[in-house]
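Student: Pasting a structure here, questions to come.
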Amino acid sequence: MGNQNIDWGNLGFGYMKTDKRFVSEYKNGEWDNGALIDDDMITMSECACVLQYAQTIFEGLKAYTTEKGDTVVFRPDLNAERMANSAKRMEMPVYPEDKFVEAVKAVVKANKSFVPPYGSGATLYLRPYMFGINPVIGVKPASEYQFRVFSTPVGPYFKGGAKPITIRVSDFDRAAPHGTGHIKAGLNYAMSLYAIVSAHKEGYDENMYLDAGTRTKVEETGGANFLFITKDNKVVTPKSDSILPSITRRSLMYVAKEYLGLETEEREVSVSELSDFAECGLCGTAAVISPVGKIVDHGKEICFPSGMDDMGPVTKKLYETLTGIQMGRIDAPEGWIVKIDD
């Protein structure tokens, strides 16, 4: 593993073609057995449903090299479950959850030489995705689909350490009530592109989206869930039917309670109480936790006591514990770590 001629320590967070990818096709009401293939190109009709009506869903997870030298993936069963829920909401056929996990394992095994070595700070990012591929001109679901998994080695999300970021309260909505905010559909991310480009132009790292109904409650960013730490060290995460259920967030909440002995709470979080928190972080697959030092709400600055120089103390403990579990330095709960056999 890690024997490619790659400068692992200087990898960015981008795409690099690897040797194999998995493809399964859905036709005539059933999935085929799927296979690992060499070709990274996709050929489809100009009228393919995914191109016309954005019928596509995806997942993201990582493979790691542990301290002992094992290659592992983190909680792929939850990605399989979430993709199944996304498929149901998008009127797509569910790819069997057990076959999803097997496909992920097969792709990691086939591209094992692209799994970065332990201590490099890099990982092998895995992207399972599904889309409607047959021609559709009237507004309706496709009848044929492809499920695919590709991999790419990526560097650490943070270069030179996890420095706190500055975010703004957005004037745009990420998801509508009773919409698709709770699933991982490509269309949700398309909706956030204008807002994130606008935020970057104004000097912010990310957007804080509020609930579209009242615009008074915190939801998430374009690609991560929020975690807040109270001044008495309680870990709080926003609750809403239009928030994507982050696997990293759910894992961190478990770690907070079961490993660190902290009180945890999932509840509605009002914008008006942001200044009461001691720490804030964004959690997701890419960075585990991105510390937030400051939120700007239409000119009003909300600065967290944890500051702009480093992660807050509780956020740092959460980060170190979860990454320790992923890298094999800390014993994992049963079923969290799936080893890739040679």
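The values are calculated or read from the model by the stated rules, or taken from the named source; none is laboratory data. If you're wondering where the values come from, they're calculated on a predicted model, not measured in any experiment. As a convention, Cβ positions derive from the backbone with ideal geometry for all residues, glycine included, and neighbour counts pool all protein chains shown. When the accessible area is computed, the model is the full protein with side chains, heavy atoms only, and any ligands, DNA or RNA have been set aside. Shrake-Rupley method; radii C 1.70, N 1.55, O 1.52, S 1.80 Å.
Student: Does at least one position in segment 52-67 carry a residue that is in a helix (DSSP H, G or I), more than 24 Å from Asn10 (Cβ to Cβ) and at pLDDT 95 or above?
Tutor: yes
Student: Ala35 versus (1) at negative phi; (2) in contact (Cβ under 8 Å) with a residue 24 or more places away in the chain: which is the lone unmet condition?
Tutor: (2)
Student: Shifting gears a bit: Considering only residues that are polar (S, T, N, Q), in contact with a helix residue (DSSP H, G or I) (Cβ under 7 Å, 6 or more places away or on another chain) and within 16 Å of Arg168 (Cα to Cα), which ones fall in segment 202-236?
Tutor: Residues satisfying the conditions are Asn207, Thr216, Asn225.
Student: Out of all the residues in segment 170-185, which are open to solvent by less than 20 Å² (accessible area, probe 1.4 Å) and under 15 Å from the mean Cα position of the chain (by Cα)?
Tutor: Gly181, Ile183, Ala185
Student: A follow-up question, please. Would you mention how many residues in segment 77-136 are part of a loop (DSSP other than H, G, I, E, B), in contact (Cβ under 8 Å) with a residue 24 or more places away in the chain and aliphatic (A, V, I, L, M)?
Tutor: Number satisfying all stated conditions: 6.
Student: Where the second residue is at pLDDT 95 or above and part of a loop (DSSP other than H, G, I, E, B) and the first is open to solvent by 50 Å² or more (accessible area, probe 1.4 Å) and lies in segment 223-234, which pairs have Cβ atoms under 7 Å and are six or more apart or on separate chains?
Tutor: Going by the 7 Å Cβ cut-off, the qualifying pairs are Lys231/Ala278; Asn233/Leu262.
Student: Then there is this: Sort out which residues of segment 121-145 are crowded, with 19+ Cβ neighbours inside 10 Å and among the polar types (S, T, N, Q), and write them in order of number.
Tutor: Correct list: Thr123 only.
Student: Restricting attention to segment 7-29, and to residues there that are at pLDDT 95 or above and not in a strand (DSSP E or B), which single residue is farthest from the chain's Cα centre (by Cα)?
Tutor: Per the criteria, the residue is Asn28.
Student: Still on this structure: Which of the residues spanning segment 44-64 are open to solvent by less than 10 Å² (accessible area, probe 1.4 Å) and β-branched (Val, Ile, Thr)?
Tutor: Ile57
Student: Based on this model, can you work out whether Ile167 counts as modelled with pLDDT of 95 or more, surrounded by 16 or more Cβ atoms within 10 Å (Cβ to Cβ) and among the aliphatic types (A, V, I, L, M)?
Tutor: The answer is yes for Ile167.
Student: Using the structure shown, decide if Pro116 is open to solvent by 10 Å² or more (accessible area, probe 1.4 Å), within 20 Å of Thr323 (Cα to Cα) and not polar (S, T, N, Q).
Tutor: No; evaluated as a whole, the condition is false for this residue.
Student: Could you please find all residues in segment 200-227 being within 22 Å of Arg249 (Cβ to Cβ) and β-branched (Val, Ile, Thr)?
Tutor: Thr216, Val218, Thr221
Student: Is it the case that Lys239 is basic (Lys, Arg) and over 28 Å from Gly14 (Cα atoms)?
Tutor: yes
Student: Is it fair to say Tyr319 is modelled with pLDDT of 95 or more, within 17 Å of Asn225 (Cα to Cα), open to solvent by 80 Å² or more (accessible area, probe 1.4 Å) and part of a helix (DSSP H, G or I)?
Tutor: no
Student: What is the residue count in segment 221-251 for residues that are within 12 Å of the chain's Cα centre (by Cα) and part of a strand (DSSP E or B)?
Tutor: Count: 1.
Student: Between Ala142, Ala175, which is of a type in the set (Gly, Ala, Ser) and modelled with pLDDT under 95?
Tutor: Answer to the selection: Ala175.
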